[in-house]
Every structure is written in C-alpha cells, then in structure tokens.
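Read-outs: derived from the displayed coordinates by stated rules, not from any lab. Nothing here was measured: the structure is a model prediction, and the numbers come from that model. Quick reminder, even Gly has a Cβ in these numbers, built from the backbone with ideal geometry, and neighbours come from all protein chains shown.
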Amino acid sequence: MDDIVRYFLNVEIAYATLPDLLRGFGVTVRMAVLAVILGIFGGLVIATLRAYRIPVLDQLLVVFMDFFRAVPSLVVLVMVYFGTPYIGLLLSGETATILGLALVLSAYAAEIFWTGIKTVPLGQWEAGLSTGLRFTEVLAIIVMPRAVRMGIPVLTNRTIAVAKGTAYGAIISAEEILSVSLSAQQTYANPTPLVLGALLYLLVFIPLVQASRWIERTYSIRH
Amino acid sequence: MDQFLSTFFNIDIMVAILPAMGIGLLKTLFLSAIVFPCSFVFGLLISAAGMARSRPVAFAVRAYIDFFRSFPPLVLLILIYYAAPFLGVQLDPLLAAFVALTLNASSYYAEVQRSGIESVEIGQAEAARSTGLGAVDTYLWVVLPQALRNVMSPLIGNTIELVKLTAIASVVSYSELLKVAKEMQSLLFSPTPLVTAALIYFVVLWPFVRWLSRFERQLMERD
C-alpha cells in the first residue's frame, strides 16, 4: 500500500508538477473551446450551403462530411501537423490540434444540422414561402432554428467527444495536460503526474458528461 | 499542382507501401474484432446490472459508465501502459490497447443499451412473465431484442467510432495502420503514407458511415 501511494500519489512530485499541469490544463481548455466554436460554426455554414443544393459544391461537401466522419481524429491531426510543412506551412501543435478537431466536428455538426433540415416538414417551407418570405429567409427564420434545436442532444455528445480529442494534441507536441504529464512522468520516473493529469480530465469531463445526459432528457422530442 | 500531387498523392510511394499498409490494416481490424464482442457483451452485463433494484448497484453502474465516458481514451491507454510497470506488470501494447478500448467502448455500449432497455414498455416484460417465462428468459428473448432494435443506429455509430479509435494503439507502438503510416512517412520523408492511411480508413468505413446516415434519416422521418 505504501508503495502504491509512493508511486501513484507522491505528494512531493505532485506539488512540483502542479504548476506545469495547470498550464497544460489552460492549453487543453483553450484548444477545446476554439475547436468547438470553429467546428460548430463550420457545421452551420456547411449545412446552410447544402440547403441551396449548388451542383458540384453539394457533392464536394458530401465527400467532406463523409471523409471527416470516417477517418479517425488522431489520423486527421497527424495529417494536418505532419502534412502542412510540405506545402510550406508550419503550424504549431496547438494550432494543428484546433484545426484538425474543428474539421472533424464541423463534419459531424453539418451532418446533424443537415438531418434536422431534411426532417423539417415540407409544409413549413411552403407555409413560409407562401407568406412572401424568400428561400433564405425561410431557411434562417423557420427551418434552421428547428434543425438546430433537434440536433442539440446528439451534438452535445459529439462536442464532448471532440473536446476529449484535445488529448491527441500530445502526439503532435501541443503542450496540453497529457503531454505535460507524460514528460513529467519521464523526468521523475514516477506515474504520479499521469494520475494527476487523468484527474484533471475527469474534473472537466464528468460534469460535462452528466450535463449531456440532462440535455438529452430535456431536449429529447421522442419521449 | 503537379508538385502538390507528387508530394501528397505520390503513386509510386503508394504502390510501394501498400503491402506494409495492408498488414497495418489487418492489425487494425484484428484489434477491432477482439474489442467489439468483448465490450459489447461487457456493456450488456453492465446495463443488465443497472436494472437491479439495489441502489448501490445502480449507482455503481452509473459511476462506471460516466467515469469511462469522461476519460479520454488516449489518456486511459497511456495511464494503463505506462503505470502498469510500476505495479510490476509489463503490458504488451496489444493487451494494453485491448484493455483501454474495451473499458471505453463498454461504457458507451452500456449507456446506449440501457436507454434501449428503458425504451421497451414494461407491459412487454409483464406479459412475458405472466405466460410463465422466467426473469432471465424474459430479458433475453423478449426485452433485449426489442431494446437493441430501438437503439440500432447509436450502436452502429459506436461501433464505427470503436474501429476509428483503434488508431490510438499506435501511440503505444502497436503497429496498426497509423503506426505503419507514420513510420513510412519519416522513412520516406513524404506525407503520402499518411494520406494513404486516411484514404484506407475512408474506403473501409465510408459504406458504414453512409449507411448510418441514411438509417438515421429514415428513423427521423418516421417519427
């Protein structure tokens, strides 16, 4: 038991690594917030563009949505980080993580909003158009709000999953929680920093996961 | 443009690395194939335990599900892989990945299966019991089939995510698709292997992603 405490919850090491870990925590939160904002905004733009059914662009957007939902986030991040230098673009690990996760989330969000748009009854479109509103106005005032509301439960879960993906930043040298705790673990030859890092993640995500359950219940239209 | 294509989509490199990538893909599929049944059945056991009347058991089930849904899978894998030696166990990369992925996926399956069980009307179980069917038989032959049917689309979604998630095994140097691609990328100093890996994931998972989209849309439209 003493051994376990000495290895896994070593107070001295915990104390020494805490400032670095908190800095990593800040990076994690910043990356998550930016990726989520960009991703959801991107999803809204894509779903809106698809509503206009512009030839060629529509097909390209479908491929975009399918591609980023079929390829693992970690692969996307690695591709963005290690691929961009070949076109002369040097992204920091943090930027590459934000960009990669935003791409993935925008594909999922677009799919969710698009499903919402498609399932708004045709009568609502017709009613809107018959009152003299233009297509864009019907879309923005009548259809989109419904589509977004319908998508909220699924989108919440997806958003949390993408925010958890910030941990992948550690693989492409973004200095977030996991990467800080990994290097501290190597410095001290002790897993305490990893345990602390894991606790920091739980501190953020357990409330979010429980909130998502609440949101699911509140917004669920089926029950 | 030619420059771009020969950097990112170099056909010669693609052909040369294909055999190695094929082996990587097989390992990806192998890991998925052992994690899927174990986590699915494990999830069933957990969701079944969640139906227990005993409050502590129901609480423990909730805690298990929320804990592992909150834990970023990569953090879990790294914790298992790098902390186990301090307990005197050296885990093989495949085993560590199997354990981490199974813990993660089982919590997602359990959550979905639980909501599926809740969606089956209580009258179904009562009717079955009144005909003399035992509790276990009622669960297995009456409740469970309907429950799984009701949550088919999130189950398919979770399974797609599981296959994608195996990419994290590359971090503990299990030589699946992403690991092979990264090795080839640094060996050949070309991003083509990474692009190839992404394309392979896309080709393998695209049919399922499409299928799921169509399936979900049909469900929404039926409501």
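Computing FRET efficiency as 1/(1 + (r/R0)^6) for B:Ser130 and A:Val63, where r is the C-beta to C-beta distance and R0 is 41 Å, gives about 0.15.
Do you know the relative contact order of chain B, to the nearest whole percent, from alpha carbon pairs under 8 angstrom that are 6+ apart? Mind showing how you got there, number by number?
Numbers: 223 pairs, mean separation 66.1, N = 223.
RCO, chain B: 30 percent.
Using θ = phi - 60° in the Karplus curve 6.51 cos²θ - 1.76 cosθ + 1.60, the 3J(HN,Hα) couplings for the range B:129-134 round to 5, 5, 7, x, 6, x Hz; x is entered for Gly and Pro.
If the protein assembly as shown were replaced by its equivalent ellipsoid, with semi-axes equal to the square roots of 5 times the Cα gyration tensor eigenvalues, what would those be, largest first, whole Å? Please list the in-between numbers first.
Details: eigenvalues 240, 204, 95 Å².
Semi-axis lengths for the protein assembly as shown are 35, 32, 22 Å.
The trypsin sites (Lys or Arg not before Pro) of the range A:129-188 that DSSP puts in a loop, and whose beta carbon has at most 12 other beta carbons within 10 Å, are A:Arg134.
If you take each beta carbon of peptide B:78-88 and count the beta carbons of other chains within 10 angstrom, what is the mean? It would help to have the intermediate numbers written out before the result.
Working: counts 10, 9, 1, 1, 6, 9, 1, 2, 11, 5, 1.
Mean partner shielding for this stretch: 5.
The calculated 222 nm mean residue ellipticity attributable to helices in the protein assembly as shown amounts to -26000 deg cm²/dmol, summing -39500 (n - 2.57) over DSSP H runs of n ≥ 4 and dividing by all residues.
Short version: what are the Cα gyration tensor semi-axes of the range B:45-114, square root of 5 times each eigenvalue, largest first, in whole Å?
On the way: eigenvalues 141, 30, 20 Å².
Whole-Å semi-axes of the equivalent ellipsoid: 27, 12, 10.
Using alpha carbons only, how many angstrom separate the centre of the range B:106-160 from the centre of the range A:113-145? Each part reduced to its Cα centre gives a spacing of 37 Å.
The calculated FRET efficiency for the pair B:Ala63 and A:Val33, based on their C-beta separation and a Förster distance of 30 Å, comes to about 0.65.
Across all Cα pairs in the range B:2-102, the calculated P(r) in 10 Å bins from zero up to the longest distance comes to 13, 27, 27, 19, 9, 4, 1 percent per bin.
Suppose R0 equals 35 Å. What FRET efficiency, 1/(1 + (r/R0)^6) with r the Cβ-Cβ distance, do B:Ile23 and A:Gln186 give to the nearest 0.05?
Working: r = 30 Å, r/R0 = 0.87.
Using R0 = 35 Å, I get an efficiency of 0.70.
Can you tell me the relative contact order of chain A? Whole percent, Cα pairs under 8 Å, sequence separation 6 or more. Each step should come with its number before you reach the end.
On the way: 268 pairs, mean separation 68.2, N = 223.
The value is 31 percent.
Spin-label pair A:Glu126-A:Ser173: with each label point 7 Å from Cα along the Cα-Cβ axis, the two points sit 6.1 nm from one another. 3J(HN,Hα) along the range B:43-51: x, 4, 4, 5, 5, 5, 4, x, 7 Hz, from the Karplus curve 6.51 cos²θ - 1.76 cosθ + 1.60 with θ = phi - 60°, whole Hz, x for Gly and Pro.
Computed from backbone phi with θ = phi - 60° and the Karplus coefficients 6.51, -1.76 and 1.60, the 3J(HN,Hα) list for the range B:115-126 is 5, x, 4, 5, 7, 7, 4, 5, x, 4, 5, 4 Hz; x is used for glycine and proline.
Mind ordering B:66-79, B:134-147, B:1-14 by average Cβ neighbours within 10 Å, highest first?
Values: B:66-79: 23.0, B:134-147: 14.6, B:1-14: 12.6.
My ranking of the peptides, most packed first, is B:66-79, B:134-147, B:1-14.
Give me the dipole magnitude in Debye, nearest 20, for the protein assembly as shown about the Cα centre, with unit charges on the beta carbon: positive for Lys and Arg, negative for Asp and Glu. Mind dumping the intermediate values first?
Values: 30 positive and 28 negative charges, 192 e Å.
Using Cβ point charges on Lys, Arg, Asp and Glu, the protein assembly as shown gives about 920 debye.
What whole-number volume per residue, in cubic angstrom, does the convex hull of the C-alpha atoms of the range B:23-177 give?
Values: hull volume 18.2 nm³, N = 155.
Once divided by residue count, the hull of the range B:23-177 is 118 Å³.
For the range B:23-177, the dipole from Cβ point charges (+1 on Lys and Arg, -1 on Asp and Glu) about the Cα centre works out to 140 debye, to the nearest 20.
Across peptide B:194-201, the mean count of Cβ atoms from other chains lying within 10 Å of each residue's own Cβ comes to 5. Between A:Asn10 and A:Thr192, the built amide H atoms are under 5 Å apart, and every one of these is 5 or more places off in sequence or on another chain.
Relative contact order (percent) for the range B:1-123, with alpha-carbon contacts under 8 angstrom and 6 or more residues of separation?
On the way: 81 pairs, mean separation 43.4, N = 123.
That works out to 35 percent.
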